[in-house]
1. Give me the pairs: first residue in the stretch B:54-74 and more than 16 Å from the ligand (Cβ to nearest atom), second residue assigned to a loop (DSSP other than H, G, I, E, B), beta-carbon distance under 6 Å, and six or more apart or on different chains, which are they?
2. Since A:Val749 meets every condition but one in (1) of a type in the set (A, V, I, L, M); (2) more than 21 Å from the chain's Cα centre (by Cα); (3) in a loop (DSSP other than H, G, I, E, B), which condition does it not meet?
3. When you scan the stretch B:19-85 for strands (runs of 3 or more DSSP E) that lie fully inside it, which ones turn up with 2 or more residues that are more than 17 Å from B:Leu111 (Cβ to Cβ)?
4. Consider the stretch B:185-234. How many of its residues are assigned to a strand (DSSP E or B), open to solvent by 10 Å² or more (accessible area, probe 1.4 Å) and within 14 Å of another protein chain (Cβ to nearest Cβ)?
5. Residue by residue through the stretch A:702-722, note down the ones that are of a type in the set (Val, Ile, Thr) and open to solvent by 30 Å² or more (accessible area, probe 1.4 Å).
6. Being part of a loop (DSSP other than H, G, I, E, B) and surrounded by fewer than 13 Cβ atoms within 10 Å (Cβ to Cβ) is the filter here, so list the residues in the stretch B:86-106 that pass it.
7. Quick test for you: out of B:Gly113, B:Gly122, pick the one residue that is open to solvent by less than 20 Å² (accessible area, probe 1.4 Å) and near the ligand (Cβ under 6 Å from one of its atoms).
Amino acid sequence: MKVAEKTKFIQPGTLIGKRIPKMDAPEKASGKTRYIHDIDLPGQLYGKILRSERVHARIKHIDTAAAKALPGVHAVITAADIVDQRPIGVAKDHLPLKTDKVRSLRDEVAAVAAESEQIALAALRLIKVEYEDLPILTDPAEAIKPGATLIHPEPRQPGGQDALKPSGPVAFTGKPDNIAMRFDYCHGDVVQAEAESDAVVEDTFKLHYVTHCCMGVSGMIADFDSSGNLLMYSNTQVPFLHKREFAEYLNMDPGRIRIIQPAIGGGFGSKLDIYPFEVICVFLARAAKRPVKLVFTREEEFISSPTRQPVLLTLRSGCKRDGSLTFRTVHTLHDNGAYTSWGATTPFVMMQTFSSLYRVPNCDYHTVAVYTNNPYAGSFRGYGNLQATFAVEAHMDKLAEAIGMDTLEFRLKNAQEQGEVSGQGMEFDSCGFKECLTTAAERSDFRRKFAENVKNRNAPGAIKRGVGIASMLHVGGGAKIYPSDGCGTILKLDDFGQVTLITGASEIGQGSETVLSQLVCEELGLPMSALTVVNNDTAITPWDVGVHASRTTFIAGNSALGAARLAKAKVLAAAARKFECPAEELDLRGGYVIKAASGEALIDLPRLMRNLHFSDKAELVMTTFYYEPPSSYQDKRYKGNVSAAYAWASQVVEVEVDTETGIVKMTKITAAHDVGRVLNRLGIEGQIEGGIVMGQGYALTESLIIENGVMRNPSFRDYKLVTAPEIPEIDISFIETMDGEGPQGAKGVGEAPAICVAAATANAIYNATGVRICGLPFTPERVYRALHGKGEKLYLAPEKAA
Amino acid sequence: MTEIEQYVAPSSLEQAAEYLQRSGEVTILAGGTDLMPQSQGGRLKIKRTLMNIQHIPELKGIAIDGGAIRIGALATITEIMQSELIKKHLPILIEACDHFASDQIRNAATLGGNVCNASPAGDMLVPLLVLDAEVELASKPDGGLTRRRLPLSEFFVGPGKTRRAPSELLAGLRIGLPGAHHYARFFKFGTRPALDIATISIGIAGTLNNGALSSARVAFGAVAPVPMRAPRTEQALEARRLDAATIEAVAGVARDEVTPIDDVRASAWYRKELIHNITKRMLDHVAQA
Ligand SMILES: Cc1cc2nc3c(=O)[nH]c(=O)nc-3n(C[C@H](O)[C@H](O)[C@H](O)COP(=O)(O)OP(=O)(O)OC[C@H]3O[C@@H](n4cnc5c(N)ncnc54)[C@H](O)[C@@H]3O)c2cc1C
């Protein structure tokens, strides 16, 4: 006897804004995640790189005979062995294995593949390199002077005359000067504006070297199959760009290159470029005809990873007595290091902050990036914005003080609003900037504390309290800098109602697979457990430009949503046929097809999927979608709406400054972020807390100490990350502006939280002590010196002085 | 990397002393928290024989022994921190342990290792100096195990260098039981509250009566080639009433007495400033005690 099933009604619910644990958390917390270190291929060899012992020198001779003779060594390579080497990097000025010269201490001179790491290391010690030292150039201000030692000189004849200039990239043709890149931007007329200003201030700021400190160090495995196809296990953040570029460097058909990403132990921008070690690992695999694994030691990670861009920056700003900003003029000198990576291109982002964070009718921006023998700078969360914001927000305080205006009022008066188009052509379709400012200020009781602290500056006692505010603007809807800023998705529903989300977007620890799954589940009315994500294999996943520019939730989210909507339409159409009703009356919820009006369950999804599949007109539900944001390329003058949405934030930092030791203790950070909409509350809180702590490290403790081209502190003992007891109380408010283009209204926030911490801290120290410190980080000694009139003298960025 | 030819793990002090007597080519391994990073970093070459001393019972334990507290060379920082004896009689050592590295390191790091490593910044050394600690050295020169004692203040001769002979093993440290009104405090200045090497450190001790310290002991870390006692500062402090002028004067003497260097952690100038300002702060506390 068949019992009639009870009619079931499914209650509406949503996943959006809920606290969803990261899908990879159980594996990571239990130590089961397989990182590159955990992967071993049969027959695999271990690669090690011999790096330069000199900062700048001619390579006279390399003797690898003894290394080659060591039992267990399968390949020893130098530039001489790789006849077809091509330069890598943004400016094509960097050969993976150095030919005639080393230009910095990290430079790769030779490499070994051996049966164990120990043997490979022993072999490195057997390689003898003869150097002839060249003059060392480590001061960027010296590097731009005429007559300076050239880092990439044009080749010369033995007689000294100019050689016939070879054609091709910088690595082969050299350069007549040390200038790697220049950026010049302007809107309005700063000269006229200055004449009309009531207050003008100028300062030079010095932003230092820091590095990413990913817990997972760099590494890869290269493996050629017997048909010559190359498989790379790689930690890259940009697998699809990598594939094309590797093909170029290796002179291979890109179709024969496949990249699989194991779990990545952090990226933060460090894995956005191709580095010599990656190309060398492939060379070794090719030479040894065996898979080769090359993983950095921690010291190597410090010494040979790119850094955040160090910058010397002179800013001149003005305003009227009524508090309206009149102009900004910026000159920066970027220390490029010996080779060009993404660091040199940070002006793309820096100029946005100068031109568009606040409404400024006239803006002039100039950068020169110069070669030196220092470590080279790459991309790093915030991409120049920490440096720019540090300067801009110092001047917001200074100008307000100069005209006697409340510092918050001054900011509110100049803050961008929804609907505005900035001087640089950025269109702010959603903008919660003012709300960020007022929320952060109110929740921290900023105004009262600010006034009280100024009054107490000269009160007795060594400890002074300070409060400072700073804000930031960053792309939050991708950044159109490549032929496409898009992402593809393939969505597959199986016979059991399980969904496989195949996305081009990589997971580098930021929680993207969780948030993408959430968007799909929301659309298909499924629990998170119904989702499997495939996101790490270029042979399977559709194209994506990569993890950068805080773009994944926005771009890959919209792409996943697009695919899910197509799948939903297909499922509902099938259900409509089955139940003979219009599809519009149906919906998906709780794993069922329901009547939208009543919530009555009609059929569970697995059953419907099987009905569709195992029928005469067998059908699978598999959809694809490619999302391209409606942003535009900048024109030649760097103007244009480069992102489909913009993120805003204001942060208030509270400090206690011990004037007898210089110790700055952060006691509280109140952050208000315009995130469009909160998708995964747990994820976004983690992202913002983590970013704030990274910003705290930039502000207070982290510094790569480079002296004469030598890194003095390549270890966690002397490179000081913030530890748990130093992390202040963090109060986060989310401003939900529901961006019209964002997935469910969300905008990107990946980089945002790290950007204005240092700027707000500088303002807080000033509020506490009346002393403005223009160099970072605020280590006890730097602060103590500044408080006792022994601060660093900062000179104008030379271009400006000239 | 070193080619270690022999690994030994003696189970008695006598055996260990015998290995040392037989060959100068022995590296002693206790917790390994200095030895490992130093040999990995190429700053130290492990000798032909590596001798693990962790199985020697005579080197363990914390006990009262003839009016003194004896801390075995193998006592770990964690053991010291948890010892009721130390809490009761030598709380200044707890203060030092509390700023020492991380839990993981504290579980492995030994007091003997800290003393024999003889870093000017070794955290236990400054408090031990102001407690008038003695080192107990064991060796087996002519068939019999002998021990000698040496004041810790005479033990250090340079960075990483001590008066321990290659044939000697540090067996333990002895600290006289402090009398009534004993006062002893330690301050470590690092750039962050946890996991840091001292930029400077200060120990102050003595018998506190009517706001003055007698038998005053002052020691400084990370401001000279060795962790140093500061006799001139002690003299300036001895039995003086700690009014503001005296405190300022003592702090001034302290600043002049230290001879720090510039390194990645701080400049010599800043270290001197810290010695002055923090000595002053600590003496303010003494005055209020
Ligand atoms: C991450 C980290 C953080 C640290 N933080 C601190 C800190 O905050 N403060 C601090 O003071 N130190 C610190 N150290 C250094 C180190 O932990 C200490 O010096 C520790 O006390 C050394 O003890 P050990 O048992 O590990 O010594 P080992 O490394 O085993 O030995 C150190 C040296 O002493 C010799 N030796 C050891 N025992 C004897 C003995 N009984 N007789 C003769 N010779 C002996 C060894 O041969 C070696 O030369 C840190 C180290 C690390 C790795």
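The values are calculated or read from the model by the stated rules, or taken from the named source; none is laboratory data. Model, not experiment: these values are computed from the prediction. Note: ideal-geometry Cβ built from the backbone for every residue, glycine included; neighbour counts use all protein chains shown. The accessibility values were calculated without ligands, DNA or RNA, using every heavy atom of the protein model including side chains. Shrake-Rupley method; radii C 1.70, N 1.55, O 1.52, S 1.80 Å.
1. The qualifying pairs are B:Gly67/B:Leu177.
2. All conditions are met except number (2).
3. Working: elements: B:26-29, B:49-52, B:62-65, B:68-72.
Counting at least 2 such residues, we get B:26-29, B:49-52.
4. 2
5. Once the filter is applied, which keeps residues that are of a type in the set (Val, Ile, Thr) and open to solvent by 30 Å² or more (accessible area, probe 1.4 Å), the stretch A:702-722 yields A:Ile705, A:Ile706, A:Val710.
6. Quick first cut of the stretch B:86-106, residues part of a loop (DSSP other than H, G, I, E, B) only: B:90, B:99-102.
Within the stretch B:86-106, B:Ser102 is the sole residue that qualifies.
7. B:Gly122
Let's see how each residue does on (1) within 23 Å of the chain's Cα centre (by Cα); (2) in the same structural domain as A:Thr659 (by TED's automatic domain parsing); (3) in contact (Cβ under 8 Å) with a residue 12 or more places away in the chain:
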position: A:Pro460; (1), (2), (3): no, yes, no
position: A:Leu493; (1), (2), (3): no, no, yes
position: A:Gly504; (1), (2), (3): yes, no, yes
position: A:Ile508; (1), (2), (3): yes, no, yes
position: A:Ser517; (1), (2), (3): yes, no, yes
position: A:Met528; (1), (2), (3): no, no, yes
